[in-house]
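Below is one structure, written out as structure tokens; comments come after it.
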Amino acid sequence: MLQRHEHLTYCRQCKHQEFDVKQGLICKLTGTLADFDPVCPNFKSISGEYGSTEFDTIRKKIDNVQNKTATQGERLANYFIDSFAIWLIAIGLIFFLSVSGLNTGLSELEFYLFYFLVTVLYYTLFETYAGKTLGKFVTKTRIVDENGFQPSMNTVLIRTLCRFIPFEAFSFLVSPIGWHDRISKTYVIDEDGPKSDTKNY
């Protein structure tokens, strides 16, 4: 029997969802909490398609999130590649501004603010529009939300800002899921299939 949180995973993608102040998310066709197992016969995707085929597609996406979590080694590779890429972009932009006469020198504080801006734009733009950064292109990984879909820009921005939490980088020492993953409810998965038995939780 599916649990409540498993029902909600599908209900949030269904057009028949309705919020009840006493019960929470319910089916507006029945007026009750979901109780299907394993497939809801009335499921209608927000995308507009009916039936178990679309339902199974969503289930497959969720299973991919659960079974294809990127390994700690891949996450570490992503971190070093992306850090180097951001450094090159920042230095390149400063050099361009200097030769253009637009930059007469940055103070230490101005440099850190500039580096912060480059980092935010790098992760937000790459992960919003490509689903991956340069590091993730190399390791063949990408980010998804908890339902296996491409995250929105707002979600990616939250994920990016969480990277600046003190000691956040060390959260990967105990789990392949970092603080910026947990807080934004996003995951990094392996596009080529699972390379370890690690599960999301």
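Values in this text are rule-based calculations from the coordinates and carry no lab data. What you are looking at is a predicted structure, and each value in this text was computed from that prediction instead of being measured. No Cβ is skipped: glycine too gets one built from the backbone with ideal geometry, and neighbour counts run over all protein chains shown.
The distance between label points at Phe36 and Leu8 comes to 1.8 nm (points 7 Å beyond Cα on the Cα→Cβ vector). Between Leu113 and Asn154, take the C-beta separation as r, use R0 = 22 Å, and let me know the FRET efficiency to the nearest 0.05. About 0.45, to the nearest 0.05.
With only the Cα atoms considered, the stretch 72-190 has a convex hull volume of 105 Å³ per residue. Give Lys68/Lys136; Lys44/Lys136; Lys132/Lys185; Lys136/Lys185; Lys140/Lys185 a once-over and call out the pairs whose C-alpha atoms are over 26 Å from each other. Checking Cα-Cα distances, Lys44/Lys136 exceed 26 Å. If R0 equals 45 Å, the separation of the Cβ atoms of Glu146 and Phe95 corresponds to a calculated FRET efficiency of about 0.65. In sequence order, the stretch 30-43 has phi-based couplings of 10, x, 10, 5, 5, 9, 5, 6, x, 10, 8, x, 9, 4 Hz under the Karplus curve 6.51 cos²θ - 1.76 cosθ + 1.60, θ = phi - 60°, and Gly or Pro positions carry x. In order along the stretch 79-86, the phi-based Karplus estimate (6.51 cos²θ - 1.76 cosθ + 1.60, θ = phi - 60°) of 3J(HN,Hα) comes to 4, 5, 5, 5, 4, 5, 5, 5 Hz; Gly and Pro are listed as x.
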